[in-house]
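Note sheet for the following structure.
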Amino acid sequence: MDDEIRNGRIGQAIERAARFLPSQGPIDIFVAQNILQGFEDEPFEAAVVHAAQVYGTQPFLAEARYREEFARGRIRDADLEAVLAADLGPSAHEPLAGGRLSLQELLLALLRNPVEKEDDVTVRWTLSEADDENHLATTELWLACVEAVASARPAVLHRQPPVRIRDLLQAISPALDTDEHTNPLLIRVCSSYLDQGVATWPMPGREKGLLGAVISLYEAGFGPTEPWNVGLPAALAAARGRNPLSVIAQQIDLLGTPPGMEEELIERSLLSLRGWAGMVRHFEDRPDRVPVAAVPARLVDFLALRLIFDRVAAEWIAPKLGHGGELARLWTELRDRYPPRYGAGSVARAFMVCQVARLVGLSAADIRSLDENEMTRLERAIGGFDGITRRRLLHLAYERRHEIELLDGLAARASLVEPGLIPRSGVQAIFCIDERCESIRRHLEETDPACETFGTAGFFGVPMYFHGIDDWHSIPLCPIVVRPRHTVIEVPESNASMHQALRRSVRRHLGRLKGGLADGSRTLIRGGLLTAVFGAIAAVPLVARVAFPRLTSLLFHRADQFTKRRIRTRLELERTDDTPLPDGTLAGFDVSEMAAIVRTLLEDIGLEKGLARLVAVIGHGSTSLNNPHESAYDCGACGGGRGGPNAWAFATMANDPRVRSHLGRNGFSIPEETVFVAAMHDTCSDAFTFYDETAVPATHRQEYAAFQRSCREAGVADAKERCRRFDAVPLDVRPEQALRQVEARAADLAQVRPEYGHATNAVCIVGRRARTRGLFLDRRAFLVSYDPDADADAAILARILAAVGPVCSGINLAYMFSCIDPRGYGSGTKLPHNITGLIGVMDGHASDLRTGLPWQTVEIHEPVRLLFVIEASTARIEAALTRVPAVARLVANEWVRLAAWDPATDAIVVLGREGFRPHKPESWSLPVVDRSVDWFAGQRGNLRPALIRAAFDERRTG
Amino acid sequence: MIPLICSVNQTRGLPAGLTQDLVLMLVVAQLLAPAATLAAVGLPALFGFPLGERRTTWCVGAGFATGFAAGLATLVVLWFRNFVPEVVHLGTWFAVGHHAATIELVADGLSVPYVCFSSGLCAVVNAFAGKYLHREPGFTRFFVLLAVFGTGMNLMVLAGSIDVLFAGWEFLGISSALLIGFFHERQNAVKAALRAFTTYRICDVGLLAAGVIVHQAVGSGDFERLFSGTWPHAQCLVPPTTATLVSLLLVFAAMGKSGQVPFSGWLPRAMEGPTPSSAIFYGALSIHAGAYVLLRCEPLLDAAPLARLLLVMIGVGTAIHAVLVGSVQSDLKAMLAYASMTQAGLIFAEIGLGLRTLALIHIVSHAILRSLQILRSPSALHDRHELEAALGGHPGSGGWSFKDMLPEKFQRLLYRVALERGFEEMAVMRGVVDPVWRGLERLDAAERSWVEWLGKSWSWRHRRGGP
């Protein structure tokens, strides 16, 4: 009975610790999520510091980075003053040093200027060796500081010893690292267990669970094993057939962990290989998202293995420390030897005070005049303003400047452009909210000023499992939080099915051949023959791919077209049979469901009325080669899939006369002359693919062709804008060359930066496009269309926030943390990445699974929290937030920033800790240029907003 | 006597003097081109003014391309003279009586095609790496090491004496180790580099000892004193005992660089560096360096059936080991490392069986195929999805294999053997490294106590005699 209670306690501890594990699933569906999801219950500023302690990562950028930004004017003095004043509150004017300066003055000086914190030894060395002209050791000030410090009370710090025996060992003698021995084996068995098809020989007994499989492999000890795991077979045999929780309890006892530290031990043990532990957890939680073999992985099994390995290794290493007894005694002994950390020594303290005194202009006499208490207070104030605090404030200042620049831009635009400039004559194009669509929309509007664009979550309200004609299984296309209930299949048009059968069989044979060659090259006899006889042929693709990536890919693409597509296909969208499919979903939608989807989306974006003759629905995706993180560049609103099929499904639904008449009966009319068309934009190659073009009636052909031309033209301009970010592309690249450049990037094996994905994202504007149209937002803004006039009860706003809030903030925080600590939160540089088990990447041959985004994706990112600007009154925003607790929590805990933009008055208010406060623009000036290219030409870095004249019809520009 | 291997009547209409001069110039060009780029890229970086990325790539690439072109031209000239070897004497390091250490290169039907192949491959990988390493802090370092590698490779391939061969061989070793440890901020990478380097050094003893024996036997390190004739039909000129001894030592040397059992443990770990260096080293050139040396000294092997037998055994053993272990590897690069090892084993066996031309073709073919596979390895997911789409389902696990015949219990056992990489490393550790280590520790302890004793007696005397 006791055992059961204890097991229950351990189980709960595991659940609690599991929230710290990375939530990233198998890498073929990469969904950008908040890397610190487990900390969302805490306020942002505290959470990042907490997380940094838990993971051993960085909470903010390095101080030097912020100082660089300060030096180049990205952070200004005013920002430092403002954030410091807000942070200190009333204590800002607290007098220090006998009233010679205020706390705020002191801290501001420390924020502006780097002050070196050195230890005693370094300071002594500096004093004796450095021979600058006004030698510090001889100055009056230095002597005064030494005396003053001697009189003040020192601050002493104590550090808790770690709980894991390995961490304790490492702290005492860094050469003894049991993880160095245990991790390779643990990584190997986890990787083999979770493997989705790299190994031709899968691990036997995987159905028994991770622990069971490893026991059955290793319980019989034989062969010359590594020295540390001599005791492993016996330890594993003892765990055979037992409840993993009891195994864990037993290991905890054997490890000698003191009671009460159980929970911490579990947490530290799980986090020691957090990538693998997280993946095991993901297999347990979401077997539906596992690509091939959803093996019964469980976190308890992983923890049991981890602890068994740790225990066996610790028992092996104990004698080396001259310790023969049980581990509990070893633990106590080690803890007693654990070095407590004291505060800085007196020389170091004097050095610090001396530096500060020079900085704020305190003279030797001033210092001498301070009594013990005054001196202690001064020292505490300096010491309390530690690196983390400084970095936090610098970060806030960094965000503040971004906020001011953006909001000033919005306010200035509102003052420059008279309202009511919405064109109603041309094509209406609905894009994804993605910040990469900002530029393509802007260029489309510049190319065709009559065109009106909208933004909505890129699954276009159609959550579905989609089975494409070239796919072998269906994939979910909707935000990750949604589980679709419908499956849609792409089928050949009836007259093309013969053709399709032929193509499919050719394709299958080619595939079999290709797969056979790849597999065969790894085998003995087949491989020997294959490589010896045909290997040299590989020279052709090798040279071609490296030397002429774009041409080669075009060639391969052409060849592919023989076996893929080309035939006409359609979506099997309508449900004819209500019996669910084997996976529990329904085959397609019925008319009322389709009508609801169409209506919801058009209401969301404010298009209940005034539909144009041609409405284009444009999803997006990204194609790149040699890129394990390819899926990270796809549509976030489609859960790391491509939004094209959703756009197509939506257009097909909206064109269906039965859907229209169903809508008409419910008082929502779509004009008969309105035709919906669908397309997909490749954000990597800037190419547009149009779906089902034969569905466009002859009456609309001309407009359709013109729109396609505009899209291609906008694609070229977009390519040019994107190229400014690529260091390897000259800034004066011609637009057509730019297009070729991005096409080549999409097809180049050697290219680790096919595109920059969501990097630089910073803003999410929810409101009418009419208020941002013509504003250069530098591909940094998610743009969500929302019409405040038609949403009196905030229902639509709540719906929108529920969909885009988690998606946009997830993307933003994934990029933010991957950028702040590229090695701790991100996956580091791509160059040594090694795909393992088809589920993730390791660094080199045996490392933890690397989660997060690679450095090459985030290198140009500017880590600021997403700033939501919502075009609605504060009351309505608050009303909407109460209906979406998940987003309200993000707002309340400051994981996103929020500003309300009044629809009537143009006034902007920003949410702070004390509620909304008005934003007073620093400057009303907004650069005005003819076209986007005039603004970004010759620039690599982030750009301020500007007004683009070409986006407006000349006659109506104010 | 040095046999005269080049005469006028063997050429196809070109005067011998002209071809000799041509070959001399071309061979020197093959060697100097990568060496010059090494200087051009390395020296400015040494003084703190690295060339830009574009220039670096271009410069190193031009070196390889020149080597490739010079190689092709040499090939044409050689064709005109029926591939009769041309020995290029660059100088004498030292000479004592009958003994001389000369610096000689040889251009023949083996070395020149091999230079073309290796320079060409280096040029391709160079072009790839130029984009791949864009903005990497170690950009220049990578290309310097690539140039070191290219120079060493050409030196080793063109070597006409065992001394020159050894020099090239060492260039290879050091550049390989430094590239494995390219990301030196990661502990694993440095450890893997050290392991590879240690293995190399141990096996280098073989080459060094072979060199000493050759010098002892024929008074110089020149290959032309060891064997004569046109590759692959040269004749051995030394007695079988010498040939056997040298062959065995060469086989030992080759085993390390080519990752043969029991020295293969470093190979899967070597995948810590950037992908392009993994491709060129462990997919293509470095892994075959051992095989090349054996091909070079094939006439000696001809006279040494014992070494050949050993070679076949090692090769086949390695191939079987690598296939078994490779089949359970669940990460792409280890899987490819074992696939490379399998083929390298087969190539060793082919050389042992005397199938020289086949072995050469096998080397070239395998190197090209494998480097493409490694360069493409980050595409595995993409390729997999394509394949699944084409097949309309998962590709099966490769059909029938030998293990299916075993009862389940033995399968589990065998799987574990494979997962533990055949216990190879531990066997070596326990059988060789640990005893040697313990011996060294004992020696160390003995020396310490001796020194201590000396110190004591000295200080005792000192104190007595002191003030």
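A few comments on the model shown:
- Contacts under 9 angstrom Cβ, first residue in the stretch B:107-122 being under 21 Å from B:His233 (Cβ atoms) and of a type in the set (Asp, Glu), partner open to solvent by less than 10 Å² (accessible area, probe 1.4 Å) and in a helix (DSSP H, G or I), 6 or more apart: B:Asp108/B:Leu78
- Where B:Leu346 falls short, out of the listed (1) under 17 Å from the mean Cα position of the chain (by Cα); (2) closer than 26 Å to B:Ala243 by Cβ; (3) more than 8 Å from chain A (Cβ to nearest Cβ): (3)
Here is a yes/no grid of residues against (1) in contact with a strand residue (DSSP E or B) (Cβ under 8 Å, 6 or more places away or on another chain); (2) over 30 Å from A:Gly824 (Cα atoms); (3) open to solvent by 60 Å² or more (accessible area, probe 1.4 Å); (4) not acidic (Asp, Glu):
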| residue | (1), (2), (3), (4) |
| --- | --- |
| A:Leu36 | no, no, no, yes |
| A:Phe60 | no, no, no, yes |
| A:Arg67 | no, no, no, yes |
| A:Ala78 | no, yes, no, yes |
| A:Val83 | no, no, no, yes |
| A:Leu106 | yes, yes, no, yes |
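- Here B:Ile368, B:Ile363 are screened, and the one residue that is in contact with a His (Cβ under 6 Å, 6 or more places away or on another chain) and among the aliphatic types (A, V, I, L, M) is B:Ile363.
- The listed residues are B:Val144, B:Val88, and the only one of them that is within 19 Å of B:Glu224 (Cα to Cα) and more than 16 Å from the chain's Cα centre (by Cα) turns out to be B:Val88.
- Count of the stretch B:245-294 residues, restricted to those that are more than 13 Å from chain A (Cβ to nearest Cβ) and either touching a strand residue (DSSP E or B) at 6+ places or on another chain (Cβ under 8 Å) or open to solvent by 10 Å² or more (accessible area, probe 1.4 Å) (or both), is 7.
- Test: residue in the stretch A:248-270 that is modelled with pLDDT under 90 and within 14 Å of chain B (Cβ to nearest Cβ): no
- Only a single criterion out of (1) out of contact with any Lys or Arg (no Cβ under 7 Å at 6 or more places or on another chain); (2) modelled with pLDDT under 90 is not satisfied by A:Leu157, namely (1).
- Restricting A:Arg503, A:Arg508 to residues that are free of Cβ contacts under 8 Å to residues at least 24 places away in the same chain and assigned to a helix (DSSP H, G or I) narrows the list to A:Arg508.
- Any chance A:Val766 is aliphatic (A, V, I, L, M), within 14 Å of another protein chain (Cβ to nearest Cβ) and either part of a helix (DSSP H, G or I) or surrounded by 22 or more Cβ atoms within 10 Å (Cβ to Cβ) (or both): no
- The set of residues in the stretch B:297-343 being more than 14 Å from chain A (Cβ to nearest Cβ), part of a helix (DSSP H, G or I) and open to solvent by less than 10 Å² (accessible area, probe 1.4 Å) consists of B:Glu298, B:Pro299, B:Leu300, B:Leu301, B:Ala307, B:Leu311.
- Checked against (1) in contact with a Pro (Cβ under 9 Å, 6 or more places away or on another chain); (2) open to solvent by 40 Å² or more (accessible area, probe 1.4 Å), A:Pro918 passes all but a single condition, namely (1).
- Only one of A:Asp408, A:Asp366, A:Asp386 that is more than 30 Å from A:Thr257 (Cα to Cα) and either hydrophobic (A, V, I, L, M, F, W, C) or open to solvent by less than 20 Å² (accessible area, probe 1.4 Å) (or both): A:Asp408
- Verdict on B:Val432 being surrounded by 11 or more Cβ atoms within 10 Å (Cβ to Cβ), out of contact with any His (no Cβ under 8 Å at 6 or more places or on another chain), at pLDDT 80 or above and closer than 25 Å to A:Ala220 by Cα: no
- Unique residue being within 36 Å of the chain's Cα centre (by Cα) and facing another protein chain (nearest Cβ under 7 Å) when the list is A:Gly535, A:Gly527, A:Gly511: A:Gly511
- Residue that is outside any helix (DSSP H, G or I), modelled with pLDDT of 95 or more and of a type in the set (Gly, Ala, Ser), where the choices are A:Ala900, A:Ala904, A:Ala880: A:Ala900
- Pairs where the first residue, in the stretch A:765-793, is without any contact (Cβ under 8 Å) to a residue 40 or more places away in the chain and the second is surrounded by 23 or more Cβ atoms within 10 Å (Cβ to Cβ), C-beta under 7 Å, 6+ apart: none
- Within the stretch A:505-546, if we keep just the residues that are modelled with pLDDT under 85, farther than 23 Å from B:Met335 by Cβ and out of contact with any Ser or Thr (no Cβ under 8 Å at 6 or more places or on another chain), the residue that is most open to solvent (accessible area, probe 1.4 Å) turns out to be A:His509.
- Once the stretch A:182-207 is narrowed to residues that are in contact (Cβ under 8 Å) with a residue 40 or more places away in the chain, open to solvent by 20 Å² or more (accessible area, probe 1.4 Å) and more than 13 Å from A:Ile308 (Cα to Cα), the residue that is nearest to the other protein chains (Cβ to nearest Cβ) is A:Thr200.
- Residue within the stretch A:516-523 that is more than 17 Å from B:Arg376 (Cβ to Cβ) and within 8 Å of chain B (Cβ to nearest Cβ) present: yes
- Among residues of the stretch B:197-228, those that are over 30 Å from B:Val428 (Cα atoms) and surrounded by fewer than 17 Cβ atoms within 10 Å (Cβ to Cβ), counted: 2
- Scanning the stretch A:723-747 for residues that are more than 12 Å from every other protein chain (Cβ to nearest Cβ) and of a type in the set (Val, Ile, Thr) yields A:Val733, A:Val742.
- Failed criterion for A:Arg850 (all others in (1) within 14 Å of chain B (Cβ to nearest Cβ); (2) at positive phi hold): (2)
- Candidates are the residues of the stretch B:349-390 that are outside any helix (DSSP H, G or I) and closer than 30 Å to B:Arg296 by Cα; the one that is nearest to the other protein chains (Cβ to nearest Cβ) is B:Leu355.
- Enumeration of residues in the stretch B:400-423 that are out of contact with any Leu (no Cβ under 8 Å at 6 or more places or on another chain), surrounded by 12 or more Cβ atoms within 10 Å (Cβ to Cβ) and part of a loop (DSSP other than H, G, I, E, B): B:Ser401, B:Glu420
- Scanning the stretch B:175-196 for residues that are open to solvent by 70 Å² or more (accessible area, probe 1.4 Å) and in a helix (DSSP H, G or I) yields B:Leu178, B:Gln187, B:Lys191, B:Leu194, B:Arg195.
The values are calculated or read from the model by the stated rules, or taken from the named source; none is laboratory data. Computed from a predicted structure; not experimentally measured. Here Cβ is always computed from backbone atoms with ideal geometry, including for glycine, and neighbour counts include all displayed protein chains. Side chains included, ligands, DNA and RNA excluded: accessible areas come from the protein's heavy atoms. Shrake-Rupley method; radii C 1.70, N 1.55, O 1.52, S 1.80 Å.
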